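The values are calculated or read from the model by the stated rules, or taken from the named source; none is laboratory data. Not measured: the values here are computed from a predicted model. Counting neighbours? That spans all protein chains shown, and the Cβs are built from the backbone with ideal geometry, glycine included.
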Amino acid sequence: MIAGKKVLWLFLLIAGLLACLVSPAVLLAQEAKVDLSLRMLPDYYYKEVAPGEDNALFMEIRNNGNKEITNIRFDSDKPEGWVVDFKPDSISYLGAGSSQTVDVKVIPSRDTGRGEYNLTFIAEANETRTATSTMLRVENGSSFWLWVGLGVAALVIAGFVIIYRRFGRQ
């Protein structure tokens, strides 16, 4: 029975030593993973904006990897004449598993017509690059047909006034 306990202790000792020797080797062999993601907050795919005005959007940048990410810079692919500002405009360090919210100010140009516009946000770091898109809908933008309609309405009203003045006093 004493021999059985000695064998058991010897087995546990060898298993413990192997575990100590193998664990650092396994940890060192684990590959560093770089995974940066962007998403709009709240999770909307589309938002309504007004031309010529500040429109606030919020974006979350998250480091899903197990390695820190450094020198993250923001840019956008936007329609011509639009202004997009990021606060902060860059992030010097984002640790593994952490995230940060970025305020995005979008100003569509004043002459933007009604419709849907795609806006792509880009985050580029020393280690990686990622992007996300959102659809922005301009509802109250100036439109060519709006001005044509107003012109026709003015002509119709002027015509009624002229007809009333000419034939209404008899």
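For the range 39-78, a residue qualifies if it is part of a strand (DSSP E or B) and over 28 Å from residue 110 (Cβ atoms), and the qualifying residues are 39, 60, 61, 62, 63, 69, 70, 71, 72, 73.
Before we move on, is residue 85 free of Cβ contacts under 8 Å to residues at least 24 places away in the same chain and in contact with a strand residue (DSSP E or B) (Cβ under 8 Å, 6 or more places away or on another chain)?
Yes, satisfied.
Kindly check whether there is at least one residue in the range 41-50 that is among the charged types (D, E, K, R) and within 15 Å of residue 138 (Cα to Cα). First the steps, then the outcome.
Pass one, the range 41-50, residues among the charged types (D, E, K, R): 43, 47-48.
Okay, now just the ones that are also within 15 Å of residue 138 (Cα to Cα), so 47-48.
Checked the range 41-50: at least one residue is among the charged types (D, E, K, R) and within 15 Å of residue 138 (Cα to Cα).
Any residue in the range 99-115 that is part of a loop (DSSP other than H, G, I, E, B), surrounded by fewer than 13 Cβ atoms within 10 Å (Cβ to Cβ) and out of contact with any strand residue (DSSP E or B) (no Cβ under 9 Å at 6 or more places or on another chain)? Among the residues of the range 99-115, at least one is part of a loop (DSSP other than H, G, I, E, B), surrounded by fewer than 13 Cβ atoms within 10 Å (Cβ to Cβ) and out of contact with any strand residue (DSSP E or B) (no Cβ under 9 Å at 6 or more places or on another chain), which makes the answer yes.
Residues in the range 114-136: is at least one acidic (Asp, Glu) and either at pLDDT below 90 or over 30 Å from residue 32 (Cβ atoms) (or both)? Scanning the range 114-136, I find at least one residue that is acidic (Asp, Glu) and either at pLDDT below 90 or over 30 Å from residue 32 (Cβ atoms) (or both), so the answer is yes. Only a single criterion out of (1) assigned to a strand (DSSP E or B); (2) at positive phi; (3) small (Gly, Ala, Ser) is not satisfied by residue 92, namely (2).
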